[in-house]
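The values are calculated or read from the model by the stated rules, or taken from the named source; none is laboratory data. None of these values were measured; they are calculated from a predicted model. Every residue, glycine among them, receives a Cβ derived from its backbone with ideal geometry; neighbour counts consider all protein chains shown. Heavy atoms of the whole protein, side chains included, go into the accessibility calculation; ligands, DNA and RNA do not. Shrake-Rupley method; radii C 1.70, N 1.55, O 1.52, S 1.80 Å.
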Amino acid sequence: VTSVQQSSDIDLFSDAQLEEPYGVFTAIRESAPVVWMSAHQAWASARYGVARSVLRDWETFSSAQGVGLTPELNAMLEGTLLASDPPLHDQLRGILSARLAPKALRSATDFIQREADDLIAELSSVGRFDAISDLAQRFSLGVVSELIGLPEEVRGKLIEWGDATINLLGPLNGLAQTSLPVAEEMFVWLQGVVKSDLVEGGMGRDIYEAAEAGKIDQASAAPLLSAYVAASLDTTTSLLGLAIGLFTEYPDAWRRVREDTATIPSVLLEVARYASPVQWVSRVATVDTDIDGVTIGAGQRVILLLAGANRDPSHYEDADTFDIDRKPVDHLAFSYGVHSCAGQGLARLEATCLFTALAPRVASFELAGTPIRKLSNLTRGWQSLPIQINPA
Ligand code: HEM
């Protein structure tokens, strides 16, 4: 049993920890409301109540000093959507929300469902495939690059660019170091983007039109475009892969999904809670403050371990059990408060369309090889998930 006191020297980003994080999250949750992590010079909490109240209070726990763990990345994030507080945050977010709101998504539904149907028709005739590279990645990449309206020549780069940007949020470990030159390549491309590079009517072009119309700063356009790229691929791919992995492990859950596909959205809530594709977010205290009796100094960073909070037994009964009847509408997998995921409607829509396409064709999923974990400084998911489907 791992034991953690109010201060701990555990590295939350070692390979072993990324491989199997939940034991340490439990130990952190049980030891104190927040624990000082000396390896990261930051506090961490794995409690549901703490995560939610910190995320609700953006004035005390700010994003404007950056949401990554290194000063280098935080300097680069300055003034971006993810790393800003209201009112700048709300102004930037307004540009994206119009296109990610339910009404806009309804008009994208037919396209997304068609993409899912075509892909699943193709894969189910093959029967055996990798649920990540052949399915989850291919599907989310196809949908997102079409919706953003990205030029063909960069589409092949997006997965790598997205993963790299996400890894940079963590400490400067091996994963982050390998990611630096890759992210650099994306930034170079972004700097050169002009409106006409992006497909007319797409989400990307909207950003540049808003800048032209003076609704946002010219300088904010490229970072907003990169927010789409960084936030939309690895996250969604992780969720889809985690869900399929869980259906191999819990065939009964898949059988019940097939019996009533109207339950797909609520089953996805439980997948998100149980598996937390994004494992953590962070904030910086703007003033000396107190979290359940622990003093947090002004300027200190607090890491909210969303994955740990989502397994908090004081909030969810049998929290370590995957239970598709739970319907956890209040899970924190998309964060909470002003920064709660702007793309969650799209992510849910993609996942719903995909499982709607799978349900009539796939009686069950079986592992066809050893799955490989993807190690990431932010997300949790599979690098490879070899699957054999039993056709319906
Ligand atoms: C399952 C898939 C996804 C998960 C788990 C996820 C998770 C998250 C989380 C945890 C945050 C909050 C960061 C914070 O509080 O500091 C966030 C923010 C964000 N997400 Fe997602 N995301 C997903 C998919 C997407 C997609 C598909 C898009 C884009 C179209 C997207 C766009 C964004 C944006 C733009 C933000 C920044 C919002 C803000 O700062 O106000 N996400 N996401």
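Summary table
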| quantity | calculated |
| --- | --- |
| Among the candidates Ser97, Ser31, Ser84, Ser63, residue that is within 12 Å of the ligand (Cβ to nearest atom) and surrounded by fewer than 18 Cβ atoms within 10 Å (Cβ to Cβ) | Ser97 |
| Criterion violated by Phe129 - all others in (1) in contact with a strand residue (DSSP E or B) (Cβ under 8 Å, 6 or more places away or on another chain); (2) at pLDDT below 95 satisfied | (2) |
| Residue within region 227-241 that is more than 20 Å from Leu147 (Cβ to Cβ), of a type outside the set (D, E, K, R) and not in a strand (DSSP E or B) present | yes |
| Only listed residue being at positive phi and either near the ligand (Cβ under 8 Å from one of its atoms) or among the acidic types (Asp, Glu) (or both), chosen from Ser335, Ser340 | Ser335 |
| Subset of region 256-281 (residues that are outside any helix (DSSP H, G or I) and either on the phi > 0 side of the Ramachandran plot or buried (at least 21 other Cβ atoms within 10 Å of the Cβ) (or both)) | Ser276, Pro277, Val278, Gln279, Trp280, Val281 |
| Some residue of region 200-221 being touching a strand residue (DSSP E or B) at 6+ places or on another chain (Cβ under 9 Å), open to solvent by 30 Å² or more (accessible area, probe 1.4 Å), away from the ligand (no atom under 16 Å from the Cβ) and among the acidic types (Asp, Glu) | no |
| Breaking point among (1) surrounded by fewer than 22 Cβ atoms within 10 Å (Cβ to Cβ); (2) closer than 28 Å to Ser179 by Cβ, for Ala359 | (2) |
| Residue that is most open to solvent (accessible area, probe 1.4 Å) [pool: residues in region 106-133 that are over 13 Å from Ala347 (Cα atoms) and under 20 Å from the mean Cα position of the chain (by Cα)] | Ser133 |
| Some residue of region 260-276 being free of Cβ contacts under 8 Å to residues at least 12 places away in the same chain and either within 28 Å of Leu77 (Cα to Cα) or away from the ligand (no atom under 16 Å from the Cβ) (or both) | yes |
| Filter pass, Leu240 being away from the ligand (no atom under 11 Å from the Cβ) and at pLDDT 95 or above | no |
| Cross-chain or 6+ apart pairs with Cβ under 8 Å, region 357-376 first and free of Cβ contacts under 8 Å to residues at least 24 places away in the same chain, then open to solvent by 40 Å² or more (accessible area, probe 1.4 Å) | Ile372/Trp382; Ile372/Gln383 |
| Odd one out for Lys327, checked against (1) within 15 Å of the ligand (Cβ to nearest atom); (2) farther than 30 Å from Gln6 by Cβ; (3) part of a loop (DSSP other than H, G, I, E, B); (4) in contact with an Asp or Glu (Cβ under 9 Å, 6 or more places away or on another chain) | (1) |
| Close pairs from region 1-18: first at pLDDT below 95, partner part of a strand (DSSP E or B) and surrounded by fewer than 18 Cβ atoms within 10 Å (Cβ to Cβ), Cβ under 9 Å, at least 6 apart | Gln6/Val294 |
| Pairs with Cβ under 6 Å, 6+ apart, first in region 279-307 and over 21 Å from Ser340 (Cβ atoms) and in contact (Cβ under 8 Å) with a residue 60 or more places away in the chain, second of a type outside the set (S, T, N, Q) and more than 16 Å from the ligand (Cβ to nearest atom) | Val287/Ala298; Thr289/Ile296; Asp292/Pro33; Val294/Pro33; Val294/Val34 |
| Condition broken by Val287, with the remaining ones in (1) within 16 Å of the ligand (Cβ to nearest atom); (2) outside any helix (DSSP H, G or I); (3) at pLDDT 95 or above satisfied | (1) |
| Residue within region 311-320 that is open to solvent by less than 50 Å² (accessible area, probe 1.4 Å), more than 16 Å from the ligand (Cβ to nearest atom), touching a residue at least 24 places away in the same chain (Cβ under 8 Å) and not aromatic (Phe, Trp, Tyr) present | yes |
| Given (1) closer than 30 Å to Asp134 by Cα; (2) assigned to a strand (DSSP E or B); (3) open to solvent by 10 Å² or more (accessible area, probe 1.4 Å), number of the condition Thr295 does not satisfy | (1) |
